[in-house]
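Have a look at the structure below before the remarks.
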Amino acid sequence: MIVTRRTPLSRLLHALRWAAFILIAFILNLPILATIITSFKTAGDINTSPPVWLFAPTLGNYEEVLFTGNTDLVSYIINSILIAAGGTLLAMVLTFPAAYAMVRYEVGKTWLLPLITNVRALPLIIYAIPIYLMFQFVGLLDTIPGLALIACIINIPVALVLFVGFIQEIPEEMDSAAKIDGAGKWGILWHVILPLARPIIFAVLVLSFVYSWNEFLFGLILTTKNAVPVTVGATFFVTSYGVKWGATAAAMTLGIVPPMILGLFAYPYIGKSMLAGALKG
Amino acid sequence: MAHREAGVRETERANARVFLIGLCVFLALMLGFPTLANLWYSFSNVSIYDLAGTAFVGFANYVQAVGNPNMWAALGFSLKFAVICTVLEVGLGLAMVFILHPILTKRPWLTGILMLPMMVSPALMGVMYRLILNEFTGIVPAYLSMMGLPINLLGRNWIYETVIAIEVLQWTPFAFLIMLTARQSVAGELEEAAAVDGATGAKFGRLIALPVILPSIIIVAFIRFIDSFRVFDHIFVLTGGGPGNETTSISIYIYKLFFTQSKIGEAVAVSVMLLIASLALLYAALRLAVRRAPA
Amino acid sequence: MMRTSRLIAAAGAAVLSAALSTAALADITILAWPGGPAEAALRKVVDKYNETSDSKAELLYFSRDNFFDKMLADAAAGSKEFDVMLTATYNVGKYAPFMVPINDLITDDVMKVFPQSAIDSQAYEGKVYGIPTDLSLHFLYYRTDLIDELLSNDDWKAKYGEISEKYMGTKMEPKKPDDWTWDDFMASALFFTQSINPDSPVRYGTVLQMKNLLFNIMIWQGSAASYGGNWMDADGNITVDSDAYRKALDIFKKITEWEATPGDSNSYEYAEANGAFGTGQVAFFIQWSAAYAEFVNADDYPAIAGKFDITHEPAGSEGPKTHFHALGLGINKASDKQDEAKAFLAFLASQDAMSLYAKEGGQPPVVEDIIKAVAGDRPDMLKMGEHTGKYGIVMNGSTAAPALGVYSNMAENFTAYWNGALDQDTAIANVVAYMKEAYGK
């Protein structure tokens, strides 16, 4: 690394960069920050104009959404975790071998890959009624596996494109070497490609989890009580009798924490794999 | 390529199709059936009282869909929205890369803080903005009014800019992350080489880094365009598509046709046309890409 | 189907519950309107029911925003996720094919609990589909401190005259809200708006709810009715293109243009309007009756505690009018537990259940005797009953199947007019065209 001399100008520039960072971070995260703050306010403090920064914080809103209220936020959060995990794993199991075949044997690359990429461009609402009827017919309505399947549909395009992009980066010689050692296709996939693909798998995992977690519309339409995800559950506090802002803010805070923690740690992998996958895929 | 080799390759390819089975079966079940059902719906008199859609009505649903000026307005909104958001996200993301790259390279964990918005569900993001943009209880108008700026960001004069701003604020981090990663990938060697050649920071950015980031810009723009085009959640939460239809995106339009107006056939006809159009576009884009890249 | 889904979700529990359900009376699930005092009250009633009944009832709620979309998908697909479901005056026609008529439940005893009009609000083409549980109408909520000052302070009175002359062309005198016409409503809105009258202690005269949302049209249409407006005449001809509708549309349009309502009113619905009035920044507004129970809570709304009152909507040429509707509970046709659902509704329609419901914060449209008996706990219910009888209107055709779509279409076009995206003629023409098609005229 080259050490640059610190002239007054470069020092000023550096300070400006820091100022810019703080400003940008503040603006981008303002809604999240305000929501977290609101979640500790009483209704009286919320209904004050202009809004107050200083107030006696209360845990009442959390108490309400978690324990005393009429909605079961804890189980909504558990539902969301199960749905996102299920949808993520299924999408990976389905797309990883497919990506391998597409790259190495060029099967389906010309028709299946574009078709699947296209799924991402569609407003999925149009499938609401057929899927509703189908789920009802096979008994998947209002179940966690049902919503995991939906999450899987959402994840497949991204997972596939990223896997294809990454596997293309792996030199084919690695396969050939394993082939000479007598490994079959599955063997190569399992023993050669999979270990190499760890970073991308991690990225897909996180990205898929976040996408699944944040899905709203199907979560709303396909569930009634057993499989309600937290994104939908948090809006239960927006009622015809007014928005209970305090409770809503508390529920939203709880609903956004898991994906945010994941994102906080996993973003470098996401960036790298997105870049690689998108460029090569 | 020799014939024999090609033959071996053919059998290998046939065998490799096994790897696709799981994915294909899943897609056939989860998307194939609904797509067929939708196709039938778009040609039938389906209604909420007759979900089987027992009568064939030809292209009536399509004629009605195309003849509705609101559909074209919604399509126009989505296109314009997607273009503006994409340009802003890429532009702002790029600016952020050049401004923040030096400090983030030394303290990478700071990047995570900027990534938080894209982890939040857009539906909840809409609710959050409903909270903070309210003239009476929101914190944003309270400070804007102190600075003498317009405060009714959800008012009819600013609503269009506001829904765009919300989309941009949530997704600029995504554009930023991808482009930052691309920028950082050129950091090490190239930067040293450039420094040896005497290139200053700014010059380096212009001459060397930008061309390297360019492919990532195209990718980011593509992904963001697609995602912004089908925008639904935060606008629906904030404005319900109004005032009037001013913020009705094509997704909101289809949703309302479907649920509020119960015109299932027409709603599905719109989406079938959308499906065909996007397939055609994607196909054209791929052909273009293939032609440009020597095989 | 139900069992399969449960098996997948939680195999053990499902087997157990299936085994139990064949032996005794099955438990039922009730889909009800979410939130507020009504939800809390209904829970109390259900608890009471569960104390005595073998068939236990469980409540189920969706979020308000997409409630009807979700319920439509469920109903159309013949969902069995709930046995008792929501009915509403404005969509009883739409959901009637998915429900079971319960005329046999409406006994003489039930008629001692509810007035005929309440039962009618749950009926479509002669069949009753629901037991009414909640009445909704609109009040004019106003700040007593501000109005008292306006009526007694000579400087304010002079200013009031000055402003009304400048903006409305006639010099007006302040009046009591009980005696307001829509002109008084508009003049007072001007007077209490700071940008027009810098001396006003509040920022805005009133707050209108103009988000593109069907419920907002219900709030507004009392003004159209007060000038004699109606969806259609007795013969079923669409009569929206009328002076009454134009006049009423203009009231909102003018107030918007004067900026006597917050500048982002086009994104306002119930919650935002309550926030504006509840933070003490608005002098008066038209709002759902349900808000009363919220505002009396001084902890939640310290700015207006003890400083507001309610009266009927301002008068038009036909006197004051208010939209009203009732929500109720009826039986899902697809449910396998018809008898259990009926048993619950029979309980719900009893005087005991309804008195409890009223006492706990519900707004049942019950007969005067019951209202008087709970008036100590619920002073607002007296006015609700009185107003519905005197001023309540139900637009012709607004209980039929297309009604919900008509409200949505009106919301789309009228909010566009108020916010300058459409001119009045086009907005009205669009609505008329939609209604003609929807009603097959």
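What are the ³J(HN,Hα) values, in whole Hz, obtained from phi via the Karplus relation 6.51 cos²θ - 1.76 cosθ + 1.60 with θ = phi - 60°, for each residue of the range C:343-359 in sequence order, with x given for Gly and Pro? Result, ordered by residue: 4, 5, 5, 4, 5, 4, 7, 7, 4, 4, 4, 5, 5, 4, 4, 5, 4 Hz. State, to one decimal in nm, how far the label point of residue C:171 lies from the label point of residue B:149, with both points 7 Å from Cα in the Cβ direction. Label-label distance for residue C:171 and residue B:149, simple model: 4.5 nm.
The ranking of B:251, C:63, A:80 from fewest to most other beta carbons within 10 Å of each one's beta carbon is C:63, B:251, A:80. The ratio of the alpha-carbon radius of gyration of the range A:76-163 to the globular-protein estimate 2.2 N^0.38 Å is 1.18.
Summary of the geometry: the range B:74-93 and the range B:139-153, compared by the centres of their Cα atoms, lie 25 Å apart. For the protein assembly as shown, the Stokes-Einstein estimate of translational diffusion at 4 °C and a viscosity of 1.567 mPa s comes to 42 µm²/s, using the Kirkwood hydrodynamic radius over alpha-carbon pairs.
Among the listed pairs C:321/C:390; A:225/C:70; C:70/C:127; B:256/C:211, those with a Cα-Cα distance over 18 Å are C:70/C:127.
Scanning residues 5 or more positions from residue C:58 or on other chains, those with amide H under 5 Å from its amide H are C:28, C:29, C:30, with H placed 1.01 Å from N in the peptide plane. Shape analysis of the range B:62-292 yields a ratio of the Cα radius of gyration to the Kirkwood radius, Rg/Rh, of 1.05. Close amide H pairs (under 5 Å, H built 1.01 Å from N) link residue C:324 with C:393, residues at least 5 positions away or on another chain. Neighbour counts of other Cβ atoms within 10 Å put C:288, A:111 in the fewest-to-most order A:111, C:288.
Computed over the Cα atoms, what is the radius of gyration of the range C:323-417 divided by 2.2 N^0.38 Å, N being its residue count?
1.38
Put a dot 7 Å past the Cα of residue B:277, heading toward its Cβ, do the same for residue C:111, and the two dots end up 5.8 nm apart. Note on residue C:179 and residue C:25: their simple-model spin labels are 5.7 nm apart, each label 7 Å out from Cα toward Cβ. For chain A, the relative contact order comes to 30 percent (Cα pairs under 8 Å, sequence separation of at least 6).
Across the range C:315-330, coupling constants 3J(HN,Hα) worked out from phi with the 6.51/-1.76/1.60 Karplus curve, θ = phi - 60°, read 8, x, 5, 9, x, x, 9, 9, 5, 9, 8, 10, 8, x, 10, x Hz, and Gly and Pro carry x. Which of the helices in chain A, when you take each full DSSP H run, stretch at least 27 Å along the axis at their Cα atoms and have an average Kyte-Doolittle score of 0.5 or higher? Within chain A the helices that satisfy the rule are A:8-38, A:73-105, A:144-169, A:245-280. Working from Cα pairs under 8 Å separated by at least six residues, relative contact order for chain B is 28 percent. Dividing the mean sequence gap of close Cα pairs (under 8 Å, 6+ apart) by how many residues chain C holds gives a relative contact order of 26 percent.
Computed from phi, the 3J(HN,Hα) profile of the range B:117-123 under the Karplus parametrisation 6.51, -1.76, 1.60 (θ = phi - 60°) reads x, 6, 8, 8, 4, x, 5 Hz, with x in place of Gly and Pro. Helical content of chain C, expressed as a calculated mean residue ellipticity at 222 nm, amounts to -14000 deg cm²/dmol (DSSP H runs of 4 or more residues, -39,500 (n - 2.57) each, divided by residue number, nearest 500).
Values in this text are rule-based calculations from the coordinates and carry no lab data. Being a predicted model, the structure only gives us computed values, none of them experimental. All Cβ positions, glycine included, derive from the backbone under ideal geometry; neighbour counts span all protein chains shown.
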